Amino acid sequence: MEPAKIIEHSGGVIGVSWLLIALPLLGAAFLLLGGRKTDKFGHLLGVATAVASFVVGVLVFLQLLGFDPAERRRAVPLYDFIPGLTKMGLLVDPLSISFVLLITGVGSLIHIYSIGYMAHDPNRRRFFAYLNLFVAAMLLLVLADNYIGLYVGWEGVGLASYLLIGFWQHKPSAATAAKKAFIVNRVGDFGLAIAIFTIFTAFNTVSFAGVMESGADPSQGTLTAIGLLLLLGACGKSAQLPLQSWLLDAMEGPTPVSALIHAATMVTAGVYLVTRSGAMFFPEGSTAAIAVTIVGVATLLAGAIIGTAKDDIKKALAGSTMSQIGYMMLAAGIGPAGYAFAIAHLITHGFFKADMFLGAGSVMHGMNDEVDMRKYGGLRKVMPITFATFLVGYLAIIGFPLLSGYFTKDGIIESAMEYSSTLGWLAVLGAGITGFYMSRLVFMTFFGKKRWEADAHPHESPAVMTWPLIILSVGSIFLGGFLIVGNRFMTFLGPAVGQPEHLPSFHPFSVPGLVTLALVAAGAALAWFKYGAAEVPVTAPRGSFLTTFARRDLYGDALNEALFMRPGQWLTRLAVFFDNRGIDGLVNGIAAGIGGTSGRLRRVQTGFVRSYALSIFIGAAILVGAWFVVGNL
Amino acid sequence: MNGTIPAPTIEYALLAPMLVVFGAAIIGVLVEAFAPRYLRSAIHKPLTLLTLAGAFVITIWQARTGIPTTPSAMGAVAVDGPALFIWGTILVLAFVSVLLINDEGHFVASAAAVPGSAEEERALTEGATHTEVYPLVLFAVGGMLLFPAANDLLAMFVALEVMSLPLYLLCGLARRRRLLSQEAAVKYFLLGAFSSAFFLYGTALLYGYAGSVDLAKINTALGSVGGQDTLLYIGVAMLGVGLLFKIGAAPFQAWKPDVYQGSPTPITALMASGTLVAAFGALLRVFWVALGGLEWSWTPIMWGVAILTMVVGAILAITQTDIKRMLAYSSIAHGGFLLIGVVALGNNQQQNASALSALLFYLVAYGFTTVGAFAVVTTVRDAGGEAWHLSRWAGLGKRRPLVAVVFSLFLLAFAGIPLTSGFFGKYAVFQAAVAAGATPLVVVGVVSSAIAAFFYVRVIVLMFFSDPAADGPSVVIPGGTWAVGAVAVLATVVLGVFPQPVLDLAHTAAQSLFVR
């Protein structure tokens, strides 16, 4: 089934859905411009705008549900900057509203959590301003009805991500990580920008509706190029191979940032982009779509392997995020059969990953911001709520039967299996590795002997931090089943992205499903023997070649440095040389020429009225003369 | 029948905005003559503002009740769509400028006193203010209204003089730097008279050619009269000199920096906005209604003038160190951009409407921004009056951020940065010119814009990235100036973000074109 037509909408809550973006944006502007005067209530205002945006989101969702499924794609025109060229509007449809609810819902919880987590930070107000800015930009990204609006949001989240990774900029590592994220994303953003230019050239419009309904028929090569460039953009934002290197370093940011931006929402923007453009640029079986699946599978394995070797709890979780987004990419590349699973997994992942990140934050909060899991151990007794909620998230991500991740990940594996058995089995293998590294993380943190530093006094976090955890873990339990069973989500999303002719049915006991479960169980058991039952050394052992390979992020940074950084530095030096010698000379020469002309011409302005009159006279004579010349031509 | 002169028919209702302004100006003269000195200011201020507002309301009402399609007052005045739009623009800009004039300290106490004399001292200590300003402004505004609406060359000449003579006087009334002000007035008067002579001579020659001073009849004659081309060419060229002088197009721009600098700044604001709008209205009417059939021959010449004007304006502005002179050169350069729009006029009805609406929009956008910029100039003051030298503006952004930000906004609008009104003015004019095949002209326009951006941005850099001097100027913002600044900021931003309503309005006005 093709996506439904987009209908112009006015009235109701949907008519004012711009409020979704405006509220957090105003919050950010107020907090940033208000300065220190708003320190006292800054965090509360930040929470209020996010929650208000969530309430609007729910109302919009309810109004949308009131329409016939085929009429659930609503365009809300906002603003016409240059008539006929740049029309800005919002597109409220099942796909965007799913994101809106995730962003504002999980976003609000993380805002609330941050009140506690950042309580002792002198710059808490600024932190909330940036969080608000992020929410506004992310909402623009998913709500824009055209690629330019999407791009503005895309850059906006990039900016917010940069500001938040480097929030503790007094730490050199944080400043470097922020810069790295920004630069790596620049590569992807460049791809997206060129993709949009190409779209405009080929279709003469940048709106989703315009591209979909345009009569233009660009060549297959153009379409593939656009698809691959969009994929490059998606890879940057979603930390997919080969632009994955920034995500692990991004963990330098405060943990709520890692939860909101680098796990639940922003890094899924690539999946959104591919799904949104799916019908246009990633048709089933096209080169671009195949590239998407390959990138997805490669990343899901790479992320999982990196996750096995990290001792830093946040970096292990970051590897896992990469890997899970790889699953989503894989599903998004499959086509209409995969979209619903990609987005459903995205949503459930938003819940359980945010749950675990916030749980990790809660652990760090109690452990003097220690992130090395080798210095944890046995924390389940001192942090019961954190432990229980983390356990739920853990069971969800490894696909423990009947929890959220079980349904959505199984859906992806099943549809991948149908699409290509090679990719399917690789995805199964990834699930097995997930079972291992997530179990390792849980055992090292919450089980075994205490390996705490002498000055650590772990304690449970305050209620303002634990309640968000509890709510998120409830979502991690039930959401997957709710969305997948009976194809509820697929039929909901269908009008926006298209759906397959035959809806898949859920087999609890298919072969791949059972193999997955077995592999996950084996992985967990292996982790138990190595990290649960056995002693965990406080300093990391040297490890084999493979361990080093995983620890060093599969040599991704080394590769980047050798291939791009050092040649890039040489190129910069060369460019600076030519710039100084050649281009500056030319530019300064022109400027000096104009300046000199100005200085010389200025002398004509003598201040004597007689010479002015003479210039008028001469001018008139020239004009008369010119008329004779032109008139007699 | 012999000896009887038929009474002319005058459509008083149509001419009402002008009549109201002129009537109020005459009342203003009576106030000067009979009201006691201490009451004059209290009468003039509300009278002038109410007059301008009333005339604006009448103009709106006229535009809503239906735009006449034939000239009125026996063919002497044409109240058509563009004329009404221009009237509205001039009246609003004049209103805003009068708010600026209302604030104290701009005008000399006793204009007749020799600068520095004991007589002047006495007037100053008495606290006398020069209330003649108000009727003079109203006369000038009346002339501005008639100028673009005049449908024959004689009426246009009368309007030109009615507009100019009060302005010559007003230029000489600055309270500070009086010698400079008086010099500006004399220069403006001499050169203005010189150019008026050109205008009048051109009118005479064209009458000799066509046998009429009526614009439409001149156009008809273009096709039928043969063998008189010498008269025609010299006449058109002379007429052109008179009109281009008022716009400040090169090579007739020399007066502008001196006059803009020397005049009291509120009067500069009025001239830079109102006079420019009126003069462009008249220029368009003459070249489109009277010389439309001659388009093939004036277009290349207008190309040359436009290019020269843009380049001279932009290049000379670079080395200016005086803020008012810099704004004057900027105004010259903008005159050049507007001339691009004049060139874009052609024989195609649709093309004409789009070029005309672009011009009208540009005039509105530029008018507001320029009044706002001069309003800011009045607020930055030294002990001896306004601080004009650019070095005095250094570090203003640190001491008075709001003023500096507002001024930067105006400068960015002059430069044509998107999301300001200046962007859309340029965009519309350039688009119309490209559609008319004047792409090379647009290229020159863009290059001059780039050069111009340099000196706009330089001022911004100076304000925000230089350290303020220890004895820097003080910033005084009286109520009226504050309101002017607010209106100008609003117009600059709104026209840059939501230009469509005004563009539509300009388009509707332009759709009916000038009546022939």
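Descriptive notes on the structure:
- For A:ARG573, the stated conditions do not hold, so it cannot be described as open to solvent by 80 Å² or more (accessible area, probe 1.4 Å), in contact with a Leu (Cβ under 8 Å, 6 or more places away or on another chain) and without any contact (Cβ under 8 Å) to a residue 12 or more places away in the chain.
- Hits in the stretch A:246-268 - residues which are over 19 Å from A:PHE352 (Cβ atoms) and open to solvent by less than 10 Å² (accessible area, probe 1.4 Å): A:TRP246, A:LEU248, A:ALA250, A:GLY253, A:PRO254
Each row is one residue, and each column tells you yes or no for (1) in contact with a Gly (Cβ under 9 Å, 6 or more places away or on another chain); (2) open to solvent by 10 Å² or more (accessible area, probe 1.4 Å); (3) aromatic (Phe, Trp, Tyr).
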site: A:LYS450; (1), (2), (3): yes, yes, no
site: A:LEU472; (1), (2), (3): yes, no, no
site: A:PHE482; (1), (2), (3): no, yes, yes
site: A:VAL485; (1), (2), (3): no, yes, no
site: A:THR491; (1), (2), (3): no, yes, no
site: A:GLY498; (1), (2), (3): yes, no, no
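- Top-ranked residue in the stretch B:108-144 [being of a type in the set (A, V, I, L, M, F, W, C) and open to solvent by 20 Å² or more (accessible area, probe 1.4 Å); ranked as farthest from B:LEU270 (Cα to Cα)]: B:ALA118
- When the stretch A:384-407 is filtered for residues that are of a type in the set (Gly, Ala, Ser) and open to solvent by 40 Å² or more (accessible area, probe 1.4 Å), only A:ALA388 remains.
- Scanning the stretch A:144-174 for residues that are open to solvent by 50 Å² or more (accessible area, probe 1.4 Å) and within 30 Å of A:LEU91 (Cβ to Cβ) returns A:ILE148, A:TYR151, A:VAL152, A:LEU159, A:TYR162.
- Residue in the stretch A:589-609 that is within 14 Å of another protein chain (Cβ to nearest Cβ), open to solvent by 40 Å² or more (accessible area, probe 1.4 Å), among the aromatic types (Phe, Trp, Tyr) and part of a helix (DSSP H, G or I) present: no
- Identity of the residue in the stretch A:210-227, open to solvent by less than 30 Å² (accessible area, probe 1.4 Å) and either of a type in the set (Lys, Arg) or assigned to a helix (DSSP H, G or I) (or both), that ends up farthest from A:VAL292 (Cα to Cα): A:GLY210
- Hey, A:LEU519 open to solvent by 80 Å² or more (accessible area, probe 1.4 Å), assigned to a helix (DSSP H, G or I) and out of contact with any Asp or Glu (no Cβ under 9 Å at 6 or more places or on another chain) or not: no
- Output for the stretch A:511-520, where each listed residue is more than 12 Å from A:TYR437 (Cα to Cα) and aliphatic (A, V, I, L, M): A:VAL511, A:LEU514, A:VAL515, A:LEU517, A:ALA518, A:LEU519
- Criterion applied to A:PHE61, A:PHE127 was being within 18 Å of A:LEU25 (Cβ to Cβ) and either in contact (Cβ under 8 Å) with a residue 24 or more places away in the chain or more than 20 Å from the chain's Cα centre (by Cα) (or both), and the one residue passing it is A:PHE127.
- Boolean, A:LEU90 is closer than 21 Å to A:GLY494 by Cα, part of a helix (DSSP H, G or I) and touching a Lys or Arg at 6+ places or on another chain (Cβ under 9 Å): no
- Output for the stretch B:280-329, where each listed residue is of a type in the set (S, T, N, Q), open to solvent by less than 10 Å² (accessible area, probe 1.4 Å) and in a helix (DSSP H, G or I): B:SER297, B:THR309
- For B:GLY143, the stated conditions hold: it is part of a helix (DSSP H, G or I) and either within 12 Å of chain A (Cβ to nearest Cβ) or touching an Asp or Glu at 6+ places or on another chain (Cβ under 9 Å) (or both).
- Residues (of a type outside the set (A, V, I, L, M, F, W, C) and either facing chain A (nearest Cβ under 8 Å) or crowded, with 19+ Cβ neighbours inside 10 Å (or both)) located in the stretch B:176-192: B:ARG178, B:SER181, B:GLN182, B:GLU183, B:LYS187, B:TYR188, B:GLY192
- When B:LEU231 is tested against (1) within 13 Å of another protein chain (Cβ to nearest Cβ); (2) in contact (Cβ under 8 Å) with a residue 60 or more places away in the chain; (3) surrounded by fewer than 23 Cβ atoms within 10 Å (Cβ to Cβ), exactly one condition is not met: (2).
The values are calculated or read from the model by the stated rules, or taken from the named source; none is laboratory data. Owing to the predicted nature of the structure, the values given are computational and were not obtained by experimental measurement. Note: ideal-geometry Cβ built from the backbone for every residue, glycine included; neighbour counts use all protein chains shown. These area figures cover heavy atoms from the full protein model, side chains too; ligands, DNA and RNA do not enter into them. Shrake-Rupley method; radii C 1.70, N 1.55, O 1.52, S 1.80 Å.
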